[in-house]
Amino acid sequence: MLRLEPRVSHSSLAAWLSPLLAMLFTALTGALIFMALGKSAGTTLYLYFIDPLTTSSSLSEVAVKAGPLILIGIGLSIGFRAGVWNIGAEGQYILGALFGSSLAVYFHESTNPWILPAMLLLGILGGMVWAAIPALLKTRFNSNEILVSLMLVYVAELLLIHLVQGPWRNPQGWGFPGTRMFPDAALMPMLFRGYRFHLGSVIAFLIPILAWIILSRSRFGYSIRVFGSAPLAARYSGINPKKMIWISLLAGGGFAGLAGIIEATSTIGQLMPKISPGYGFTAIIVAFLGRLDPRGVLLAGMIIAVTYIGGENAHVSAGLPKAVTGLFQGIILFYLLAFDLLTHYRVRFISRTAGAS
Amino acid sequence: MDEVIPPQLLQLKGITKEFPGCLANDRIDLDIQEGEIHALLGENGAGKSTLVKIIYGVLRPDEGELWWKGKLTQIPRPANARQLGIGMVFQHFSLFEAMTTLQNVALALPTINLDDLREKLEQTAEAYGLVLHPEHYVHDLSMGERQRIEIVRCLLQNPKLFILDEPTSVLTPQETEILFHTLRKIASEGRAVLYISHKLEEVRSLCDRATILRGGKKVDACIPSEESAHSLAEKMIGQKIEMVEKKSSIEKSGMQLEVESLHADPKQPHGVKLSDLHFHVSSGEVLGIAGIAGNGQGELMGILTGETGSPASGAIRMLSKEVNTLNPIQRRMLGAVFLPEERLGHAAVAEMTLSENTFLTSADQMHFDKRGWINWPAVANFSNQIIDDFDVRTTGEEALASSLSGGNLQKFIVGREILQHPKLLIISQPTWGVDAGAAAEIHRKIQVYAESGAAVLLISQDLDEIFLLSHRIAVISQGTLSLAEAAHEMSVEQVGLLMGMRHDQKSGNAAA
């Protein structure tokens with residue numbers, strides 16, 4: 001008989017090995033699937049996992065895709081650690097893009113170099129404003145933040161569509177929904193000629209390091225963890241529960257808003273009805289894959305981005321169905337959770353007759 | 001040897017159980033006869049809980065045999081144990097908090113008709129003198145009330161072997177007598193009771209035989225009535241123990257805690273309203289507040305720590321400052337420390353390390369917070385000092401709080417508070433569910449600290465503890481408090497009587 005027993009001590013090495021092992025096992029499983037589909041396992045695996053990491057342009061694409069996932073994932077992981085379930089990052093992302101872009105829309109001929117920093121700050125503010133609604137309702141009326149934040153996503157989407165079709169529509173856009181293209185001063189500087197890798201991606205890679213230092217060394221980070229794992233103990237130690245709820249939601253909203261305005265000012269360069277391929281929701285998976293640790297979130301954001309680019313590669317070059325991307329993300333999640341389980345538990349084989357003779 | 005041996009109900013032979021890194025039971029033999037009350041004695045970590053879990057089918061032994069009524073048996077799960085006729089009341093309650101008393105009882109029984117069950121429940125509860133409200137939700141109930149549900153639930157199953165793990169911790173002396181009466185009645189019907197307790201006096205007066213475990217091994221067996229509580233404790237711990245002795249005269253100076261006309265409304269449904277509480281504690285003094293669980297102790301503790309906000313009216317002064325509107329951190333900064341009843345989840349965070357738990361209450365007092373950044377090396381040093389000074393058995397300050405036994409974690413928590421050198425110590429149930437060795441040590445530390453000039457408020461349902469440590473005793477009942485009187489002028493019976501009435505401190509009279 002098989003049985004799981006909790007391990008006395010968890011090795012932190014094992015916690016770090018598990019995403020790597022998960023990748024390895026996913027590749028092995030993938031090979032079997034590709035062979036069953038009659039493709040060369042080696043070539044397809046290469047296309048899927050290695051190719052996105054080989055050329056500088058595909059690496060740049062991975063980084064650009066990973067950026068918003070990481071940023072939002074960091075903000076969400078802070079809230080999830082505190083036990084505050086902000087599911088509405090997608091809406092906060094949109095509001096961030098809206099707030100920030102308002103400057104570029106109203107000053108569309110601006111050449112002022114301060115317009116971009118001002119847009120970023122407004123973007124953060126926009127995400128926070130949207131997250132403040134569930135925070136206010138939760139602390140005042142104890143309403144459920146999951147429902148409120150989720151429903152506000154749809155409000156945000158409709159607000160965006162209304163603006164880009166109505167008051168903010170490009171007068172020279174032949175009636176298509178969308179704002180004017182942003183002026184150059186309001187666009188993220190591209191760092192290398194010919195690549196889409198931009199300053200915003202750099203910010204997205206630096207934030208996790210900062211977040212990690214704050215969460216592990218500061219009293220604020222400590223309070224977040226205590227509040228999430230033992231609310232009574234938090235109250236006992238003098239942590240103000242309402243303050244924690246506010247901070248959790250504002251952090252989530254602020255980072256999502258930042259991701260939104262970075263995306264609008266970099267790869268898109270304007271506002272359109274569709275400015276997110278669901279980053280706000282995918283980032284929830286990223287936060288949990290990264291086990292709510294900023295270092296893990298950084299890694300998880302990269303992994304999800306790689307499978308995304310790899311899936312496109314395999315679709316275009318090897319003619320694999322697009323569903324393989326989702327399949328792969330599922331397999332990765334499966335192995336990651338399995339290895340996580342094994343870092344906390346060990347499997348013991350015990351004989352059925354034990355205890356009888 | 002032509003003594004008549006009574007029929008064996010349960011026999012354990014060479015029971016061995018190993019957990020990762022710990023041999024919990026090492027070839028234990030035990031036999032329980034029909035009609036006897038058998039005590040299982042041992043310190044925390046001695047293997048008592050593991051052994052009874054094996055008997056009840058929660059755990060499976062790695063080796064060893066289990067004989068039930070002379071037949072080799074396997075008990076793979078609790079349902080099988082219940083079928084055989086084994087009932088158990090656990091130390092850690094297995095109740096669903098979001099359900100009522102009645103629903104919790106119904107879950108354990110095949111009967112579905114709730115009305116019949118309610119009647120049966122009330123009858124049984126009354127027969128055994130246990131007050132229960134079938135419609136109350138468990139999450140609103142005190143630990144004592146929860147335990148009563150467990151006892152009644154077990155009795156309803158009419159077991160042949162009745163296992164009780166530390167059952168009297170939350171009962172008054174009168175209730176304990178009723179329970180003992182019940183247990184003796186059960187035994188006289190030819191059923192057996194396996195009684196786990198660290199209250200040695202109880203074991204002496206109640207139990208026919210005792211088996212003593214230490215470090216996972218059976219080290220002794222004896223007839224408790226032929227032993228003294230002291231000799232039993234020494235058998236259990238395996239070494240001489242120093243008994244606490246209270247100084248009869250104390251040097252009082254300066255009031256450190258004053259509570260006047262305190263009124264507070266309950267924060268939870270079915271909570272207790274505190275009405276017109278008056279008391280004070282001076283330096284060097286221990287004031288004991290006795291009472292049955294659920295009479296306002298939790299509410300009083302919440303108001304005193306500042307966790308549940310300000311009182312409706314009245315005044316709380318700590319170290320000569322009014323603290324009504326201060327939060328827990330501000331109260332600590334005045335020199336007060338608090339120790340709530342529940343260890344895991346309230347006084348400590350289970351999934352955090354000891355060091356992280358140290359920071360929980362010492363951040364400001366010990367200056368571990370440097371402008372928002374935590375000085376972890378200093379926290380680790382302080383944690384190691386706690387571990388050394390309070391003899392906490394653990395692998396180190398990096399160990400998770402959940403990995404420590406109850407007694408060791410409690411020693412750590414008491415140490416964390418005392419080593420911050422407070423002027424006022426407010427503690428609730430400091431030795432609830434803690435073994436005799438650790439309890440004695442905790443009592444000694446509290447006493448020594450009070451003698452060094454600190455004021456101590458002790459809220460406890462354990463009368464032995466109240467009498468052992470307190471200089472003055474007051475009794476809380478239905479949210480009211482009796483006038484505090486000198487401990488040496490009070491008897492256990494008097495305190496027991498005060499537990500059942502409402503008090504009116506102004507007239508000094510107690511009204512029933």
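Values quoted throughout were computed directly from the atomic coordinates according to the rules given, and no laboratory measurement underlies them. Predicted, not measured: the structure shown is a model, and the values here were computed from it. We place every Cβ from the backbone using ideal geometry, glycine too, and count neighbours over all the protein chains shown.
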Check your understanding: Kirkwood Rh over Cα pairs of the stretch A:75-169 into Stokes-Einstein at 4 °C, 1.567 mPa s: D in µm²/s?
Key -> 91 µm²/s
Revision key, fill the gap. Note: B:327-335 gets an average of partner chain Cβ contacts (10 Å, Cβ to Cβ) equal to 2
Practice item. Among DSSP beta bridges lying fully in chain B, give the percent that are antiparallel, nearest 5. Key: 55 percent
Point to revise | GluC sites (Glu not before Pro) restricted to the stretch B:39-140 and DSSP loop, no more than 14 other C-beta within 10 Å | key: B:Glu97, B:Glu135
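What 222 nm value per residue comes from the helices of chain A, counting each DSSP H run with n ≥ 4 as -39,500 (n - 2.57) and dividing by all residues, nearest 500 deg cm²/dmol?
Roughly -22500 deg cm²/dmol at 222 nm, from the helical runs in chain A.
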Practice item. Could you name the lysines whose alpha carbon sits less than 24 Å from that of B:Lys17, not counting residues in the same chain fewer than 8 places away? Key: B:Lys48, B:Lys53, B:Lys69, B:Lys71, B:Lys217, B:Lys218, B:Lys235
Check your understanding: Regarding the stretch B:31-139, what is the average projected area of its C-alpha convex hull, in nm²?
Key -> 8.9 nm²
Exercise for review: Have a look at A:Gly200, A:Ala186, A:Ala233 and report the one farthest towards the positive end of the charge dipole of the stretch A:179-278, computed about the Cα centre with Cβ charges (Lys/Arg +1, Asp/Glu -1).
Suggested key: A:Ala233
Check your understanding: To the nearest whole number, what is the average tally of beta carbon atoms from other chains within 10 Å of the beta carbons of peptide B:74-85?
Key -> 1
Point to revise | Residue-averaged beta-carbon neighbours from other chains (10 angstrom radius) around A:223-236 | key: 6
Point to revise | Histogram of C-alpha separations across the protein assembly as shown, 20 Å bin width, % | key: 13, 37, 32, 16, 2, 0
Study note, to complete from the structure: Computed over the Cα atoms of the stretch A:193-247, the Rg and Dmax in Å are 16.5, 56
Practice item. Please compute the net charge surrounding A:Ser77, taking Lys and Arg as +1 and Asp and Glu as -1 over other residues with Cβ under 12 Å from its Cβ. Key: +3
Point to revise | Lysine pairs meeting the criterion (Cα under 21 Å, 8 or more apart or interchain), as found in chain A | key: 6
Check your understanding: Quick one, what does Rg over Rh come out to for the stretch A:63-294 if you take C-alpha atoms and the Kirkwood Rh?
Key -> 1.00
Study note, to complete from the structure: In Å, the C-alpha Rg and Dmax of chain B are 23.3, 79
Check your understanding: 222 nm [θ] for chain B, helices only, -39500 (n - 2.57) per DSSP H run of 4+, per residue, to 500?
Key -> -9500 deg cm²/dmol
Practice item. Based on the mean of other Cβ atoms within 10 Å per residue, sort peptides A:253-266, A:44-57 so the most packed one is first. Key: A:253-266, A:44-57
Practice item. Report, in order of residue number, the helices in chain A meeting two criteria: a C-alpha extent of 24 Å or more along the helix axis, and a mean Kyte-Doolittle hydropathy of at least -0.5; treat each whole DSSP H run as one helix. Key: A:12-36, A:56-81, A:89-106, A:115-141, A:145-165, A:199-217, A:241-263, A:294-318, A:323-344
